[in-house]
Amino acid sequence: MSAVDPVSVIGAKRDGRELTTAQIDAVVHGFTSGTVAPEQMSSLLMAIVWRGMSRRETADWTAAMIASGITVDLSGLERGGRPLTTVDKHSTGGVGDKITLPLTPLIASYGLAVPQLSGRGLGHTGGTLDKLESIPGWSAQVSPERLRSQLSRVGAVICAASDQLAPADRALYALRDVTGTVASIPLIAASIMSKKIAEGTEALVLDVKVGSGAFMRTYDDAADLARAMVELGTDAGVRTSALLTDMSAPLGRSAGNALEVAEAVEVLAGGGPRDVVELTLALAREMLDAAGLRDVDPAEHLAGGQAMDTWRAMIAAQGGDPAASLPEAVHREVAVVSESGYLARLDALAVGLAAWELGAGRSAPGAAVSAGAGVTWHAAVGEPVVAGAPLLTLHADDPARFDAALARLEGAYEVTATAPTDVPPLDRVLGRIGP
Ligand code: URA
């Protein structure tokens, strides 16, 4: 491996040539072991941003990142002597995206095993672990042995991914973040899929968000990313498909940690905002299908309480009290509707940034987040609103945060006299990529 000269690899990509498997292995391994300098890797990453990578190169880049760490062994899981199929979901991240919370126990309630190894939020999109940590007693730390036993017993685990899962991706992402090299479809696809493939799931459904609150602002870019990830998963032997879903407006009625848990619990109780319910069901159908369960209607286990029972068991298995009250922020500020009409636009990015300003998100890795902070909106895009009625409620522990949050929301919504015609579909699904 050390025979490969990093400067020649940079030159090859700069000149638009395809890198060999040996070259890719050498630079990824060399970067994590310190023989390829950060400035050399930055230069190569920028060349990749401009020149791209072929399907084979992207698969090799992904494999090299997986090889930098451990892989989780989920083989041979069983319950009552019956083998368990593993199926997971990954979202590229959006504002108010709490779908993992109801979806994981819903799928597990059909006798499947759902290993959700998640991360924490950074910036305007919330992290699943941050949301669940607002439940008193709940812990994100689950050992590999407990992961297997909880999957066998309950079927659902949402926990922190080990630092040893694709550690090269962690180091490369930190470098990409400060060198303007995040925006590359092959690099994003390899980054996400290295962690998902290392997690050992048999099937995977991707929720690739499109719009102002998402990584990918246009449908075409999101479709390219989805295609690249589906190819990587398929080439690695994971049954993979993707739904492309709208993230121009935030999902549901709240963005913030405890606020989103409360909304997820409403969905598990058979209620909740229609868009959250419909997107949960669309992703559930895709996951059940990937696991070979084609003739079931996932709405039945939301209505029948089986998904709620599995949620309670999943939370309790990790030390949480599913019956405990959720924390609430100390202070509230309400923005009212100035004229009657229809909510024609509510910008997802602005709402995400407002929630972050209120304390729901972090600006540096490891920083604390507020459990109760966030934004609630009282109408969805397309719905009628009445002058003087509350449109947005801001929640914060520190009232000094309201000004910055309100500034983020300036110009973020629009009320029109007639009903808008370009509202997102109720289930938010814009397209599908997969077998
Ligand atoms: N999320 C990741 O995990 N990696 C990227 O490169 C972008 C988003």
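The values are calculated or read from the model by the stated rules, or taken from the named source; none is laboratory data. Note that the structure is predicted; figures quoted are calculated from it, not measured. So basically every Cβ, Gly included, is an ideal-geometry build from the backbone, and we count neighbours across all protein chains shown. Calculation scope for accessible area: heavy atoms of the full protein, side chains included, ligands and nucleic acids excluded. Shrake-Rupley method; radii C 1.70, N 1.55, O 1.52, S 1.80 Å.
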| said: Of everything in region 130-148, what is buried (at least 19 other Cβ atoms within 10 Å of the Cβ) and of a type outside the set (A, V, I, L, M, F, W, C)? Give them in sequence order. | reply: 130, 131, 133, 134, 148
| message | Of everything in region 180-209, what is open to solvent by less than 10 Å² (accessible area, probe 1.4 Å), farther than 16 Å from residue 63 by Cα and either more than 9 Å from the ligand (Cβ to nearest atom) or not assigned by the TED database to the domain that holds residue 241 (or both)? Give them in sequence order. | response | 181, 203, 204, 205, 206, 207, 208, 209
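Quick one: would you say residue 177 is open to solvent by 60 Å² or more (accessible area, probe 1.4 Å) and either within 11 Å of the ligand (Cβ to nearest atom) or in the same structural domain as residue 28 (by the TED database) (or both)? Before you say what the answer is, go through the steps one by one.
Working: open to solvent by 60 Å² or more (accessible area, probe 1.4 Å): yes; either within 11 Å of the ligand (Cβ to nearest atom) or in the same structural domain as residue 28 (by the TED database) (or both): yes.
Taking the combined requirement at face value, the residue satisfies it.
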| task | Looking only at region 149-174, count how many residues are in a loop (DSSP other than H, G, I, E, B), open to solvent by 10 Å² or more (accessible area, probe 1.4 Å) and either at pLDDT 95 or above or within 9 Å of the ligand (Cβ to nearest atom) (or both). | result | 1
| said: Which condition from (1) part of a loop (DSSP other than H, G, I, E, B); (2) within 16 Å of the ligand (Cβ to nearest atom); (3) among the hydrophobic types (A, V, I, L, M, F, W, C) is the one that residue 117 breaks? | reply: (1)
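Residues in region 15-34 that are out of contact with any Ser or Thr (no Cβ under 6 Å at 6 or more places or on another chain) and surrounded by 15 or more Cβ atoms within 10 Å (Cβ to Cβ): how many? Spell out how you get there, then give the answer.
Step one: list which residues in region 15-34 are out of contact with any Ser or Thr (no Cβ under 6 Å at 6 or more places or on another chain), which gives 15-17, 19-31, 33-34.
Going one step further and asking which of them are surrounded by 15 or more Cβ atoms within 10 Å (Cβ to Cβ), we end up with 19-20, 23-31.
Of the residues in region 15-34, 11 are out of contact with any Ser or Thr (no Cβ under 6 Å at 6 or more places or on another chain) and surrounded by 15 or more Cβ atoms within 10 Å (Cβ to Cβ).
Here is a yes/no grid of residues against (1) in contact with a helix residue (DSSP H, G or I) (Cβ under 6 Å, 6 or more places away or on another chain); (2) touching a residue at least 12 places away in the same chain (Cβ under 8 Å):
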{"residue": "287", "(1), (2)": "yes, yes"}
{"residue": "291", "(1), (2)": "no, yes"}
{"residue": "308", "(1), (2)": "yes, yes"}
{"residue": "322", "(1), (2)": "yes, yes"}
{"residue": "339", "(1), (2)": "no, yes"}
{"residue": "400", "(1), (2)": "no, no"}
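Just to be sure, is residue 69 touching a residue at least 24 places away in the same chain (Cβ under 8 Å) and within 11 Å of the chain's Cα centre (by Cα)?
Numbers: touching a residue at least 24 places away in the same chain (Cβ under 8 Å): yes; within 11 Å of the chain's Cα centre (by Cα): no.
For residue 69, the condition - touching a residue at least 24 places away in the same chain (Cβ under 8 Å) and within 11 Å of the chain's Cα centre (by Cα) - is not met.
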| task | Go through the residues of region 133-142 one by one and say whether even a single one is within 20 Å of residue 286 (Cβ to Cβ) and either assigned by the TED database to the domain that holds residue 213 or without any contact (Cβ under 8 Å) to a residue 40 or more places away in the chain (or both). | result | no
| So residue 270 fits all but one of (1) open to solvent by less than 40 Å² (accessible area, probe 1.4 Å); (2) touching a helix residue (DSSP H, G or I) at 6+ places or on another chain (Cβ under 7 Å); (3) not charged (D, E, K, R); what number is the exception? | (1)
| query | Regarding residue 4, is this residue surrounded by 13 or more Cβ atoms within 10 Å (Cβ to Cβ), free of Cβ contacts under 8 Å to residues at least 40 places away in the same chain, among the β-branched types (Val, Ile, Thr) and outside any loop (DSSP other than H, G, I, E, B)? | reply | no
| field | Residues of region 87-111 classified as open to solvent by less than 10 Å² (accessible area, probe 1.4 Å) and not charged (D, E, K, R), total | value | 13
